[in-house]
Structures are given as C-alpha cells and as structure tokens.
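FYI, it's all coordinate maths here, none of it is from the lab. Computed from a prediction, not measured in an experiment: that's the story for all the values here. Virtual Cβ from ideal backbone geometry, glycine too; neighbours counted across all protein chains shown.
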C-alpha cells in the first residue's frame, strides 16, 4: 500500500498536468478500440507491452483469462462486460490474451480437480482445455486462449456483431521473460511473434 500511495502522489506531482487534457476528453465518454480479456496476473501489463494509452482498451481481467460458456451459470459477470463492450461501446476487436508462467494453467496441467472445493476450483473448471494433464503449462496456456475464443464466438452479442459489422476476434500470448507477444494466425494454425517483419503481413489480413 505504501508503494501505491507514493505512486499516486508522484503521478499528481509529475504527470497529472501533462494528462489533464486527455482525461478531460475521456471524462465526456469512452470510445475504446477493443475489448481486452486478460489474466489477473500482476505481470500482465498491457499498457507496457502494447504501448496503449488511457481510453484505448476496455479491459476484463480474471484468473486464467477465461470466457465461461455463455450458458454456464457462472458466466454473468463476463457476459455483462462482453455485451457492454460490444453493444454499448461498439468495439471493433476483441482480444483474449494469455501468458507464460500462468498459475491457472499450471493448476490445469497438475490436475486442478485435486484442489480443495471452493470458488477457485469451480472457476478453473470453466477453463478446461480438455486433458491438460502432462502438457507444458505454456502450451496449455496457448490452447486455453483458443478455447476461450471458441466460447466467446458463441455469445449472442458477439455472433451478431461478427455477422452485422465485422467484429474481429484475436488471440495473443505474452511471453514474460523475453517480453515477446505472439499472435495466433488461424490460417496457419500457428503462433507468430509480433515484430516489424510479421506485423504488416498480419495487419494486411485484418
């Protein structure tokens, strides 16, 4: 808490003036480009690795970057955020972003069914990627992103927006140690590091 409070004071004294105009505009309403669904992991700093600015992203974070199946009784919170982003904010893109060293995926690979009964076990049940036992956690994490994109594609608001205005779904994966971000290319069924060579090719398909 000490670091947080000191950071707020530092922001007030050194950065607030430069951002006053930006936030004055944002105070009138938000118009984010995308819904970004990510893990709650403290290392998932999208504003750092994607160089985003305030107002660029509508962010939904939870343990394991999960998108529960729409019909699941535990989907209400996620569905509310998705519907708001799609129907009220009109985002053009939705991203599901996983990451390396994900505790939720380590639990899946180790057999999360062995966890004590409780909210965490119930939540992780919705992120199952099939038989993850024995998989490398990074591989499981990337498979999990694709599974959550499938769930997302079955949300009624998402299906309508895809059909009516070309809403796009994307999978990203953040590799923490080398600070690489990978993009899933469905055409090749492959994960590609986003860099100055690959980005123009990927963007040309969007």
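Data table
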item	result
Packing-based ranking, highest mean first, of 86-97, 190-201 given that Cβ atoms within 10 Å are counted	86-97, 190-201
Identified option (computed log10 I(q)/I(0) by the Debye sum over Cα atoms at q = 0.10, 0.14, 0.16, 0.18 Å⁻¹; candidates (1) -0.48, -0.93, -1.16, -1.36; (2) -0.58, -0.85, -0.98, -1.11; (3) -0.35, -0.73, -0.98, -1.29)	(1)
Sequence ranges 57-67, 37-47, 144-154, ranked by mean other-Cβ count within 10 angstrom, highest first	57-67, 144-154, 37-47
Region 64-90 versus region 13-44: alpha-carbon centroid distance in Å	21 Å
Separation in nanometres of the label points that stand 7 Å from Cα toward Cβ, at residue 201 and residue 177	2.6 nm
The chain - share of DSSP beta bridges that are antiparallel (%, nearest 5)	30 percent
Förster-model FRET efficiency, 41 Å R0, residue 18 and residue 159, C-beta, rounded to 0.05	0.45
In nm, spacing of pseudo-spin labels at residue 5 and residue 72 (7 Å Cα→C-beta vector)	3.9 nm
Burial ordering of 11, 49, 36, fewest other beta-carbon atoms within 10 Å first	11, 49, 36
Distance between modelled label sites at residue 125 and residue 89, nm, 7 Å Cα→Cβ extension	3.0 nm
Helix axis angle, 156-165 relative to the chain longest principal axis, alpha carbon, degrees	60 degrees
Acute angle (nearest 10 degrees) that the helix 2-14 long axis makes with the longest principal axis of the chain, alpha-carbon atoms	40 degrees
Rounded tilt (10° steps) of 137-153 against the dominant C-alpha axis of the chain	80 degrees
